[in-house]
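Readers should treat all values here as calculations from the given coordinates under stated rules, not as data from a laboratory. The structure presented is a predicted model; accordingly, all values stated were derived computationally and were not measured. Virtual Cβ from ideal backbone geometry, glycine too; neighbours counted across all protein chains shown.
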Amino acid sequence: MTTTWPKRLQAVKGPIRADKLDGAAEGMGQWGAETRALADEGWVPPDMMTGLTLFMLSSQPRDADREQSIPGGGGGVAGGVWVRERVAIVRALHREEVFTVRGESMGRHVHKGRCYGTTRSETFNAAGDRVAANLTTGLVQYKVREGLADSVEGLAPDDIESPAPKRGMAANNPCLEQLTALRVGQKFGGYPVLVGLDLMEARDTKRPDNPIHSDPELARKAGLSRPIAGGSHVLAFALEALMQKAGRYALLHGAAFDIRWKAPVYADLVIRPGVRVSEVSDEMVVFDVDAVLDSGALAMTGQVSVPLL
């Protein structure tokens with residue numbers, strides 16, 4: 001059967017489940033003061049906004065003829081490990097706010113025996129205002145398939161336009177004074193964070209969409225030695241360090257992210273989330289963000305751009 005690209009997906013409606021948002025706050029452990037404060041105030045934290053594509057995919061109807069690569073998933077897509085997320089958070093989203101996510105599968109490709117898919121989504125609130133734009137690339141199946149040739153169907157990820165910072169939203173940002181006070185070269189974070197299985201279980205909740213993040217047996221069935229932290233979970237620790245310096249609401253008014261995950265963060269490993277101010281102008285502040293394992297391996301890297309106009 002020939003697939004026509006892009007492939008339209010079924011639109012889904014929010015809000016995000018309350019237990020998911022509570023779990024995201026609890027899953028930060030002792031390292032999440034700003035994230036928990038946002039949750040207490042009723043706002044969806046920026047790390048959860050990066051997962052709006054996943055929210056849509058997990059709610060798709062199941063294809064009875066398609067083998068689920070990771071058994072036990074709670075939604076329409078069981079399995080998948082995000083390797084790159086590009087997103088613009090246009091406006092803040094309240095945890096009880098009704099929203100709609102619309103999207104499409106843009107293509108899939110094979111690289112070094114692994115299969116990937118790229119999905120684009122847009123989220124709108126009840127008034128029809130755009131909340132976020134996401135472009136997500138993930139592993140369809142974690143196991144390497146020997147002998148599988150490199151190939152591309154539809155569009156390759158680098159051929160798709162990335163969500164950009166949304167100018168004009170900075171007027172709503174209450175953290176402009178803190179942002180404009182930043183200087184190139186400033187660094188924050190760098191402290192050790194133990195990403196324990198307890199934190200991963202808390203974030204995944206009792207109804208996980210992708211149990212490789214919390215269930216040792218299902219993680220092994222997927223080809224992993226033990227559960228791995230979700231990409232947005234790893235990112236959350238770096239964003240926490242950024243918010244502690246730039247302000248709790250700094251990332252909710254037009255900020256754009258381009259994040260890549262390079263190495264798995266297995267349960268009970270230590271990471272060091274880091275943030276560096278790489279550019280400051282009248283129009284934008286740009287941060288380099290990363291997470292480094294105690295072994296020295298780079299687990300995550302990327303940029304966050306916050307408009308000032």
* To do: Would you tally the residues in region 289-303 being over 17 Å from Ala236 (Cβ atoms) and either crowded, with 17+ Cβ neighbours inside 10 Å or among the charged types (D, E, K, R) (or both)?
  => 1
* Asked: Hey, any hits in region 93-103 for a residue that's farther than 17 Å from Ile16 by Cβ and touching a Ser or Thr at 6+ places or on another chain (Cβ under 8 Å)?
  -> no
* To do: Would you mind stating whether Leu224 is part of a helix (DSSP H, G or I) and either closer than 22 Å to Gly51 by Cβ or touching a residue at least 60 places away in the same chain (Cβ under 8 Å) (or both)?
  => no
* Tally, over region 1-36, of residues that are in a loop (DSSP other than H, G, I, E, B) and either surrounded by 12 or more Cβ atoms within 10 Å (Cβ to Cβ) or within 20 Å of the chain's Cα centre (by Cα) (or both) -> 12
* Structure fact -> Exactly one of Glu177, Glu146 is in a loop (DSSP other than H, G, I, E, B), over 20 Å from Pro45 (Cα atoms), free of Cβ contacts under 8 Å to residues at least 40 places away in the same chain and acidic (Asp, Glu), and that residue is Glu146
* Structure fact -> Exactly one of Ala241, Ala202 is assigned to a helix (DSSP H, G or I), over 18 Å from Met300 (Cβ atoms) and in contact (Cβ under 8 Å) with a residue 40 or more places away in the chain, and that residue is Ala202
